[in-house]
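In what follows, a single structure is set out as structure tokens and then discussed.
The values are calculated or read from the model by the stated rules, or taken from the named source; none is laboratory data. What you are looking at is a predicted structure, and each value in this text was computed from that prediction instead of being measured. Don't worry about glycine lacking a Cβ; one is built from the backbone with ideal geometry, like all the others, and counts go over all protein chains shown.
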Ligand SMILES: [Zn+2]
């Protein structure tokens, strides 16, 4: 299998790689970055299949661009 994995969420307790989060939510950055894009971070709660510990991790990050806005002269 050569499926590209972005970021693994690993159990902080035993190091087991968590699969799917059982709960997700979005965090919207209150301020845009230098390129005036808003970063939306999708976070999730994971439950370790090995030791049962629950922990929080980042599921994915999105950058929402405000069209091509150019500021300056
Ligand atoms: Zn674990």
| remark: Residues of region 18-45 being within 16 Å of the ligand (Cβ to nearest atom), surrounded by 11 or more Cβ atoms within 10 Å (Cβ to Cβ) and either at pLDDT below 95 or assigned to a loop (DSSP other than H, G, I, E, B) (or both), in sequence order, are 18, 19, 21, 22
| task | Name every residue in region 46-65 that is away from the ligand (no atom under 12 Å from the Cβ) and more than 12 Å from the chain's Cα centre (by Cα), in order of residue number. | result | 64, 65
